[in-house]
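Participant: Take a look at the following structure, please.
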Amino acid sequence: MPVEQGRVSEPVPATTIIGADVGGTYARLGWAILRPGEPIKINDFRRYACAEHPSLAAILHDYAAGLRANPVLPPLGGAVVAIAGLLDGDRLLNTNLAWPVSLDATRRESGIGELELINDFVAVAQAIPHVARTALHPLSAIPGHHAAGPALVLGPGTGLGVALRLENSQPPVLASEGGHAALSAGNALELDVLRMLLQRHGHVDSERILSGPGLMTLYACLCEREGVAPRWQTPAELVQAARSADDPLALASIRAFCGWLGSVTGDLALTFGARSVYLTGGITGHLAQWLHEGGFQQRFLAKGALSSALQQVSVWRIDDGELGVLGALAWHAETSRHAANTGDRH
């Protein structure tokens, strides 16, 4: 056993930790027993529809009840919730969730005193070193090349999440609200869409278009531009129509979405000095065939004199539905390790 200040330290008892990934539509939960030096294994992965539950606390309480009833597991040591938004004191700032979130009230009503909320894309960025190679699909990657330096992580979902992973840094992840930065246009179609949106909104941010709801906004704008009525009401319907070639505007909307996403991703990579980029989220999986088609990468590189610099940046699409939960658990493991090394127990 290690000796500290003349005393023999006792091994830290094993505890069960809940990891949760909460977005505007679904909450995904799993648990792990975290041990130093061992891979993180997610157990009992479950998905809750947020609109079917009265609060985040209710979801956590339901999930924790099953763990507490299992006599084989170590005691519940706490939970880390990766959630879209920004924590302002006790209150979470987010416009896409099904309910308001108070940290104190969630701790009290869930019965989990050791509860922490972190930004959802901080968790996703934290998960990057733990992602299986089979889950990585290159959009533009240099074979055998591992880029040291900042890694940009972003993904369209209910909104547009953005974070930056840093090497040899504490904390290792820089949170960002880059999805709310103003959206810019790169061609005539995008200028027309922006004009339409600026007539309706005082501020048009990137997630106004580059998100699940944004994809439908883009489709509606293209229909308006062509003087036809929209035929599809959900992203799933739009994707299916594009796959079946049932509606040329559906296909045009998805290709425009992928190109615009490539342009914004390139802007962010330059802004942060990223040396690698990871696209995440369910939408990128549904649009995979068009993301890999070439339009995304063409717009990613279309940065004038700096195009050659972006050619050295590897871009990957991650296909892992448990990524947020994995990241929440990885964040807890990293935070606990750092606290143990520095003696900071708070």
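The values are calculated or read from the model by the stated rules, or taken from the named source; none is laboratory data. In this text the structure is predicted, and so the values were computed from the model without any measurement. Neighbour counts run over all protein chains shown; Cβ positions are idealised from the backbone, glycine included. Calculation scope for accessible area: heavy atoms of the full protein, side chains included, ligands and nucleic acids excluded. Shrake-Rupley method; radii C 1.70, N 1.55, O 1.52, S 1.80 Å.
Participant: With T271, T217 as the choices, which residue is β-branched (V, I, T), out of contact with any helix residue (DSSP H, G or I) (no Cβ under 7 Å at 6 or more places or on another chain) and open to solvent by 30 Å² or more (accessible area, probe 1.4 Å)?
Facilitator: On the way: T217 fails: out of contact with any helix residue (DSSP H, G or I) (no Cβ under 7 Å at 6 or more places or on another chain).
Only one candidate passes the filter, namely T271.
Participant: Still on this structure: Looking at the stretch 90-135, which of its residues are out of contact with any strand residue (DSSP E or B) (no Cβ under 8 Å at 6 or more places or on another chain) and either under 24 Å from L67 (Cα atoms) or open to solvent by less than 70 Å² (accessible area, probe 1.4 Å) (or both)? Even if it seems obvious, please write down each step before you answer.
Facilitator: Within the stretch 90-135, the first condition is being out of contact with any strand residue (DSSP E or B) (no Cβ under 8 Å at 6 or more places or on another chain), and the residues that meet it are 95-96, 98-99, 104-105, 108-109, 111, 127, 129-130, 132-134.
Scanning the stretch 90-135 gives N96, A98, W99, D104, A105, R108, E109, G111, A127, A132.
Participant: Right, next: Of (1) open to solvent by 40 Å² or more (accessible area, probe 1.4 Å); (2) under 27 Å from D44 (Cβ atoms), Y278 satisfies all except one. Which?
Facilitator: Exception for Y278: condition (1).
Participant: From L174, L191, L197, grab the single residue that is more than 22 Å from T280 (Cα to Cα), of a type in the set (A, V, I, L, M) and open to solvent by 20 Å² or more (accessible area, probe 1.4 Å).
Facilitator: Details: L174 fails: more than 22 Å from T280 (Cα to Cα); L197 fails: open to solvent by 20 Å² or more (accessible area, probe 1.4 Å).
Checking each option against the conditions leaves just L191.
Participant: While we're on this one: Looking at the stretch 270-300, which of its residues are farther than 28 Å from V22 by Cβ and in contact (Cβ under 8 Å) with a residue 60 or more places away in the chain?
Facilitator: G273, R275, H292, Q297, R299, F300, listed by residue number.
Participant: Then there's this: Name the residue, out of L261, L210, L218, that is modelled with pLDDT of 95 or more, in a loop (DSSP other than H, G, I, E, B) and closer than 16 Å to G186 by Cα.
Facilitator: Working: L261 fails: in a loop (DSSP other than H, G, I, E, B); L218 fails: in a loop (DSSP other than H, G, I, E, B).
Matching residue, one of L261, L210, L218: L210.
Participant: Does L183 satisfy the condition of being in contact (Cβ under 8 Å) with a residue 40 or more places away in the chain, of a type outside the set (K, R), in contact with a Pro (Cβ under 8 Å, 6 or more places away or on another chain) and open to solvent by less than 20 Å² (accessible area, probe 1.4 Å)?
Facilitator: Details: in contact (Cβ under 8 Å) with a residue 40 or more places away in the chain: yes; of a type outside the set (K, R): yes; in contact with a Pro (Cβ under 8 Å, 6 or more places away or on another chain): no; open to solvent by less than 20 Å² (accessible area, probe 1.4 Å): yes.
No, not satisfied.
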